[in-house]
Amino acid sequence: MKDNTNILTFITWGILLAAVSVLLNDMREFEFNKFENFVNWAKTADKDAPWYSSQNAIEWSYYAISAGLFFWRGYLIYGFSYFLSILKEIENENYFSDNNIKYFKKIGTIFIQYTISVLILRFLLAAIGESTFNFFTELKAEFTFLIPAGLAFYILAEIFKRGKQAEEDNELTI
Amino acid sequence: MPIIVNLDVMLAKRKMKSNELADIVGITTANLSILKTGKAKAIRFSTLEAICKALECQPADILEYTEV
């Protein structure tokens, strides 16, 4: 069991590092490809114009929301890092611990929050007018599978809760 | 819990110590303590049988039901 846990921990670390490096690379490309346009626009923008009715709001919102998408991807990676905590608990033979139940719920919450937030941000990007948004097309995207995955983690948390009760009952059966 | 474990009474009657009983029955003293203090949620028939055999008594001598 310990060997399997070590292999899983190794794989999880690999996936986490790969996800972080992809995120950092995307952020670097974002800065080079898009931020330049933003800087150019900022130089020529009318500073006296009100933020809500001008190009200011649109440009600022676009870049804020684009940056927000990176933040949420980081949040997803943070959620994924809970797998390491679960594996650590399993390594210590605390299979049905309170911590594991808590971690499964957190992973579920983060997966669902990420998907809903990204859908909202993509809708806002479309509303600003810099991209297109079709709800059903977005639902077909790979990342929306994180909603059933999140729900599956909630179910796992419930199963582990029941497992913990059964373990306690077993320990108190003489 | 309305089930009371009178193991202490039977141990006193037989002049036997807890650790002696635990050794005979084949359970740890910690588990015997759980049983004596009423924290146990269940008792296996095999354990009950071993306790009855060791103390030469009936299950009713050890377990008692009282209305809460």
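The values are calculated or read from the model by the stated rules, or taken from the named source; none is laboratory data. In this text the structure is predicted, and so the values were computed from the model without any measurement. Positions of Cβ are generated from backbone atoms using ideal geometry, with glycine treated the same way; all protein chains shown enter the neighbour counts. The accessibility values were calculated without ligands, DNA or RNA, using every heavy atom of the protein model including side chains. Shrake-Rupley method; radii C 1.70, N 1.55, O 1.52, S 1.80 Å.
Within region B:36-50, can one find any residue that is touching a helix residue (DSSP H, G or I) at 6+ places or on another chain (Cβ under 8 Å) and more than 14 Å from every other protein chain (Cβ to nearest Cβ)? Walk me through how you get there before you give the answer.
We begin by selecting, within region B:36-50, every residue touching a helix residue (DSSP H, G or I) at 6+ places or on another chain (Cβ under 8 Å); these are B:36, B:40-43, B:47-48, B:50.
From what's left, more than 14 Å from every other protein chain (Cβ to nearest Cβ): none.
No, region B:36-50 contains no residue that is touching a helix residue (DSSP H, G or I) at 6+ places or on another chain (Cβ under 8 Å) and more than 14 Å from every other protein chain (Cβ to nearest Cβ).
Select, from B:T29, B:T37, B:T47, the only residue that is at pLDDT below 90 and either hydroxyl-bearing (S, T, Y) or within 10 Å of the chain's Cα centre (by Cα) (or both).
Values: B:T29 fails: at pLDDT below 90; B:T47 fails: at pLDDT below 90.
Only one candidate passes the filter, namely B:T37.
Kindly list the number of the only condition in (1) open to solvent by 30 Å² or more (accessible area, probe 1.4 Å); (2) in a helix (DSSP H, G or I) that fails for A:E93.
(2)
Tell me which of these A:K88 doesn't satisfy, since it passes every other one: (1) open to solvent by 80 Å² or more (accessible area, probe 1.4 Å); (2) within 14 Å of chain B (Cβ to nearest Cβ).
Of the numbered conditions (1) open to solvent by 80 Å² or more (accessible area, probe 1.4 Å); (2) within 14 Å of chain B (Cβ to nearest Cβ), the odd one out for A:K88 is (2).
Of these, A:I116, A:I77, A:I155, which one is part of a helix (DSSP H, G or I), closer than 25 Å to A:T9 by Cα, open to solvent by 70 Å² or more (accessible area, probe 1.4 Å) and modelled with pLDDT of 85 or more? Show your work before the answer.
On the way: A:I116 fails: closer than 25 Å to A:T9 by Cα; A:I77 fails: open to solvent by 70 Å² or more (accessible area, probe 1.4 Å).
On inspection, the qualifying residue turns out to be A:I155.
Which condition number does A:G163 fail, the rest of (1) touching a residue at least 40 places away in the same chain (Cβ under 8 Å); (2) touching a helix residue (DSSP H, G or I) at 6+ places or on another chain (Cβ under 8 Å) being met?
(2)
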